[in-house]
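What follows is a set of notes on a single structure, which appears directly below.
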Amino acid sequence: MSDLDKRQQGYRSAYGRYLQTRKYGTGMIILFWTFLIFLMVIIFSDVLERQINPNRRPETSENFAESRVVLKENRLGHFVASGRINDHAVNYIVDTGATSVVVPWTLAEKLSLELGVPILAETANGVIRVYETELGTVELGNISVPNVRANINPHMQGDNVLLGMTFLGQLELALKEGELTLIQQN
């Protein structure tokens, strides 16, 4: 039987089978490594997110007299937590040095916040123009404060809200061993 007849009848040489097997093997190895890298990215992005924001679901407690939220500091020593403004999920950076709650411009647009009177604000980077606004509700864990004065900062990068004293001033704060406890009297 000639080589042409063998190919027409579906015969393969040992070398042909080797090449076909090698092609499938290489494809499986590429698929395995792609899946492994994808899995590692998902796992490590979650680990990194937990290091940046260890308070995605802050520890809360409540009784008839008060509501408490306990925040753990992140690896940089900041208190970052997830919460809600006007029923929209946001991330806060607790800033006792900020006079008011400060919302970045891009986030303010997403939340459909109304621009109020432009005012000058003194920041670590100098004096800038911000816009006053009022937030319907600011929530952190089981603490909810209505009608919070805030500023919209067009120069602020990212989507993190500075949780300043217009919110924090209505609560009791206690700092001990890397934990910040916020207490709202009911």
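FYI, it's all coordinate maths here, none of it is from the lab. No experiment lies behind these values; they were computed from the predicted model shown. We place every Cβ from the backbone using ideal geometry, glycine too, and count neighbours over all the protein chains shown.
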Points 7 angstrom from Cα along the Cβ direction at Ile42 and His78: gap in nanometres?
-> 2.8
Neighbour net charge for Phe79 - beta-carbon separation under 14 angstrom, K R +1, D E -1 = -1
Using 1/(1 + (r/R0)^6) with R0 = 35 angstrom and r between the beta carbons of Arg149 and Met28, what's the FRET efficiency to the nearest 0.05?
-> 0.05
Karplus-derived HN-Hα couplings along segment 173-180 (A = 6.51, B = -1.76, C = 1.60, θ = phi - 60°), whole Hz, x at Gly and Pro = 10, 9, 10, 8, 6, x, 10, 10
Taking amide hydrogens as modeled 1.01 Å from N in the peptide plane, which residues meet the under 5 Å criterion relative to Leu171, leaving out close sequence neighbours?
-> none
What order, most packed first, do the peptides 132-138, 34-40 have when packing is the mean number of other Cβ atoms within 10 Å of each residue?
-> 132-138, 34-40
Which FRET efficiency, nearest 0.05, do Arg129 and Leu175 yield, Cβ-Cβ r, R0 41 Å?
-> 0.80
Whose amide H sits under 5 Å from the amide H of Ala98, counting only residues 5 or more places off or on another chain, with H placed in the peptide plane?
-> Met165
What list of ³J(HN,Hα) values in whole Hz, one per residue of segment 115-126 in order, does the Karplus curve 6.51 cos²θ - 1.76 cosθ + 1.60 (θ = phi - 60°) give from phi, with Gly and Pro shown as x?
-> 7, x, 5, x, 9, 9, 10, 8, 10, 4, 9, x
Starting from the Cα gyration tensor of segment 19-148, take the square roots of the eigenvalues, sort them a ≥ b ≥ c, and report rounded, prolate or oblate (rounded when a/c is under 1.5, otherwise prolate if a/b is larger than b/c, else oblate).
-> prolate
Tell me, what HN-Hα J-couplings in whole Hz come from the Karplus equation 6.51 cos²θ - 1.76 cosθ + 1.60 at θ = phi - 60° for each residue of segment 60-75, using x for Gly and Pro?
-> 10, 8, 8, 9, 5, 9, 7, 10, 10, 10, 10, 10, 9, 6, 7, 5
